[in-house]
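The values are calculated or read from the model by the stated rules, or taken from the named source; none is laboratory data. Since we're looking at a predicted model, the values are computed, not measured. In this analysis, Cβ positions are derived from the backbone assuming ideal geometry, glycine residues included, and neighbour counts consider all displayed protein chains.
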Amino acid sequence: MRRHRPYTPAVIWDRRRGQEPGPPDREQRDPFTEVLHGAPIVAMLLDADNRVIRANAAAREFFSLDASRLPASIVEATLESRLFQLVSSGTSSEEVQLVHRRRLVAATIVAGRRDGERILFLQDVSEVRRLATVRQEFVSNLVHELKTPITSLRLTAESLAGDPPLADRRRFAERIVREADLISKIIDNLRQLGEIEAGAAATDVSAFDLVELVRETVGRLGLQRPVNIGGPPALRIAADRAKLAQALGNVLDNAAKFSPAGSEIDVEIRDGSQELVIGVRDRGPGISPEHWSRVFERFYKVDGARPREAGGFGLGLAITKHLVQLMGGRIWTEAARDGGQVFSIALPRELLTAP
């Protein structure tokens, strides 16, 4: 007697269409492919031998991984031995510093659907950790910079409360004004930085003579040392005059503070094919290359032991960098050939106008 196979909804559905039910499409029904293929996080499916058998689109892009090479060992697939150490250790979550790509990732390992399989998730947290470090350093540096003048204010006020002689009272009062001005300047600089970084600072472009601006800035600063200005005798530029004057003033003031008393400062203007470059060279001891990029960070000081009166409080160059970038330019520093340090401000050539 012929036995009839019981109908199931799937069989009936196929028979109505004249089709026999085929085997399920494993690729389409694989949760890894269905759910994680387009996920914005690196995900790799590992087998019991820690081989990568699947990698989603984010993983293939992050590791420049060719899917046709899979399955492959995790070291072969990613070129990162520290990931192999992680998956072999039995740890479910850990932050790993990748060597080949120089990125910090948060790694999480969860069990897969089949026995022995695991899914390794990686999230790039390099920028998050960097910003956290920047915020921590910022708060620490701000507290340090404000603590000194506030302590001085308190001690001076206590001295005044003791009813000192008239001459001392005048000196103490001048000290209070000086420290209060310093605190006010720190607050104003921080406010300006905040406005620039928030995109609230607008530019007011006008045409003016650059050499005249340099001479005016030097006179306003009262540097009390020779300043040599070299370059075209007349060059008109279209830019934000006030912001460029402030940026140039900060660089000149920095050159004077870190140069021997009475030494010369050179200002060289170069009119290139695509950029206008203003170079300010001092005659100081120079800066080690490892500090060149960091001197533009807020509160960063090459010599932490230098007194505030000599070295400022580390906001001038940070503001200068943002002002220059706001005008579409760039700023950098390098060692001068004959000693000293050069700070260069470059503005796009298209901002220039005919003299």
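Let's see how each residue does on (1) surrounded by fewer than 16 Cβ atoms within 10 Å (Cβ to Cβ); (2) touching a Lys or Arg at 6+ places or on another chain (Cβ under 9 Å); (3) not assigned by TED's automatic domain parsing to the domain that holds residue 241:
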position: 193; (1), (2), (3): no, yes, yes
position: 218; (1), (2), (3): no, no, no
position: 221; (1), (2), (3): yes, no, no
position: 224; (1), (2), (3): yes, no, no
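Can you tell me which residue among 201, 180 is outside any helix (DSSP H, G or I) and either assigned by TED's automatic domain parsing to the domain that holds residue 297 or not acidic (Asp, Glu) (or both)?
201
From 347, 317, grab the single residue that is at pLDDT 85 or above, in a helix (DSSP H, G or I), crowded, with 16+ Cβ neighbours inside 10 Å and in contact with a strand residue (DSSP E or B) (Cβ under 9 Å, 6 or more places away or on another chain). Steps first, please.
Values: 347 fails: in a helix (DSSP H, G or I).
Answer to the selection: 317.
Could you list, in sequence order, all residues of the range 49-68 that are among the aliphatic types (A, V, I, L, M) and in contact with a strand residue (DSSP E or B) (Cβ under 9 Å, 6 or more places away or on another chain)?
Those that are among the aliphatic types (A, V, I, L, M) and in contact with a strand residue (DSSP E or B) (Cβ under 9 Å, 6 or more places away or on another chain): 52, 53, 55, 58, 59, 65, 67.
Against the definition (closer than 20 Å to residue 53 by Cβ and in contact with a strand residue (DSSP E or B) (Cβ under 7 Å, 6 or more places away or on another chain)), how does residue 83 come out, yes or no?
Taking the combined requirement at face value, the residue satisfies it.
Consider residue 145 carefully, then state whether it is within 28 Å of residue 248 (Cβ to Cβ) and at pLDDT 85 or above.
Judged against the criteria, residue 145 is not a match.
Inside the range 146-160, can you point out the residues that are under 16 Å from residue 186 (Cα atoms), of a type outside the set (S, T, N, Q) and in contact (Cβ under 8 Å) with a residue 12 or more places away in the chain?
146, 149, 150, 153
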